[in-house]
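The values are calculated or read from the model by the stated rules, or taken from the named source; none is laboratory data. Owing to the predicted nature of the structure, the values given are computational and were not obtained by experimental measurement. With ideal geometry, Cβ positions are generated from the backbone for all residues, glycine too; neighbour counts draw on all protein chains shown. Calculation scope for accessible area: heavy atoms of the full protein, side chains included, ligands and nucleic acids excluded. Shrake-Rupley method; radii C 1.70, N 1.55, O 1.52, S 1.80 Å.
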Amino acid sequence: MKKRFNSFKDDSSLEKLNEELVWKSNRKQKQKQRLLEAIDQLEQSESVKPEKDIFFKKQNRPLRNVVYCGIALVILSGAFISSAFVSPAMAQVAAKIPYLGQIFKRESVGTEIINTLREKGYKIDLLGQNYYGGRKQIEVHVGGPEKYFKDVKEDIYKITKDILTARKYDTYKVKVTRYDVSQDKYKPDPRQEKYDKINQEIAVELKNHSYHVLDAGIAGFDSDARVALEVLDTEKHIEDIKQVISDVLVKNNEEKTPIKVYKINLKKQEQESRWGNILDDVGEDLLGKEEYHVKMVGYSVHPEPQVFIYTSLSYSEENKQFANKLEGVIDEFLQTDDMKAKIKGNPYKIIIYAKGKKKLN
């Protein structure tokens, strides 16, 4: 998975990021198609292994939780913690396991890198963070002509490495590439105009029947095309709503297009979004430092919040002791005043896994 980072603004949390993630009319369906494909893969899987290219793995969640809370494409880590306290009981542990959150008084690593490079005058178009199979890479995309790229490539590499070294982030590889804007142009599918028209008709018909839905429209093309219907989990007229949509599809010779219903619990959705931000805070340090041995972090709010830490450790008594200490360090961080304000009194569990998804703590 690639974290695509184009920061003209300081996006310091998923909440801020999601506000920026607006579906442009000519790209909406293609973007949603990719998300829906990922959702289907998750729903069909009995379990999700750490090797999958998902940064924050969320279990048992509906469409909107996925779309708006972080499966997708861009996740930026950033938090500003005003208090950092290590209890005497944890002091000895922290000598071997660094206290989580020491760096959170600063901006996220992605924000720091791109801002530093731009402040120094380099033409940086994008910064991506890739996570695949536990391997982590920061990729800096440089604008400008080929000659300019060759002149600045080594300097940009060194500055990026220096920032990572200062944070003691030793898990990342750095790649500096030239960004060619011409290759990023979106080519709309010719069927999109028809689908936009159908989606508009669906919206009008639902309004005429006084049905309130969160979202309804065709996503995908060919055999992957489907109507994604998002409704509140309290909605009593789902079949009637589906009939209205079906009538529009028949009228437009799209009667074979299936309708997939996603029931949304707004309270859980808010909790999902909030814990996405919490894991954003927790994840950067854990993933950046080799001494944590963390390959992936994740969470679920079903039925109550759980924090999942996937490590590269084998299952052993010694590593079980390490996991228990790491759990204490994470919990200590979550008990700081700033994190308590985000947690809002939610009870939570921290679960740490060895390779093979075997529980360590």
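Would you tally the residues in region 254-263 being touching a Lys or Arg at 6+ places or on another chain (Cβ under 7 Å) and open to solvent by less than 40 Å² (accessible area, probe 1.4 Å)?
3
Specify the residue that is least open to solvent (accessible area, probe 1.4 Å); the eligible residues are those in region 111-121 that are of a type in the set (D, E, K, R) and under 22 Å from K147 (Cα atoms).
Looking at the filtered set, the residue picked out is R118.
Does K251 meet the test of being farther than 30 Å from E107 by Cα, free of Cβ contacts under 8 Å to residues at least 12 places away in the same chain and surrounded by fewer than 17 Cβ atoms within 10 Å (Cβ to Cβ)?
no
What are the pairs, 6+ residues apart or on separate chains, where a residue within region 257-272 that is farther than 30 Å from I343 by Cα has its Cβ under 6 Å from a residue that is open to solvent by 40 Å² or more (accessible area, probe 1.4 Å) and of a type in the set (D, E, K, R)?
That search, which allows pairs on different chains as well, returns I259/K242.
Out of the residues in region 221-238 that are open to solvent by 10 Å² or more (accessible area, probe 1.4 Å) and of a type in the set (V, I, T), which is farthest from E201 (Cα to Cα)?
T234
Condition test on I241, is it touching a His at 6+ places or on another chain (Cβ under 9 Å), in a helix (DSSP H, G or I) and surrounded by 16 or more Cβ atoms within 10 Å (Cβ to Cβ)?
yes
Do you know which residues across region 240-296 are at pLDDT below 95 and small (G, A, S)?
S273, G276, G283, G288
State yes or no: is A203 over 30 Å from V142 (Cβ atoms), open to solvent by less than 30 Å² (accessible area, probe 1.4 Å) and either out of contact with any strand residue (DSSP E or B) (no Cβ under 7 Å at 6 or more places or on another chain) or in contact (Cβ under 8 Å) with a residue 12 or more places away in the chain (or both)?
Taking the combined requirement at face value, the residue does not satisfy it.
Yes/no matrix, rows are residues, columns are (1) among the charged types (D, E, K, R); (2) more than 16 Å from S246 (Cα to Cα); (3) open to solvent by 20 Å² or more (accessible area, probe 1.4 Å):
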{"position": "K123", "(1), (2), (3)": "yes, yes, yes"}
{"position": "L126", "(1), (2), (3)": "no, yes, no"}
{"position": "K153", "(1), (2), (3)": "yes, yes, yes"}
{"position": "K158", "(1), (2), (3)": "yes, yes, yes"}
{"position": "K175", "(1), (2), (3)": "yes, yes, yes"}
{"position": "P190", "(1), (2), (3)": "no, yes, yes"}
{"position": "A219", "(1), (2), (3)": "no, no, no"}
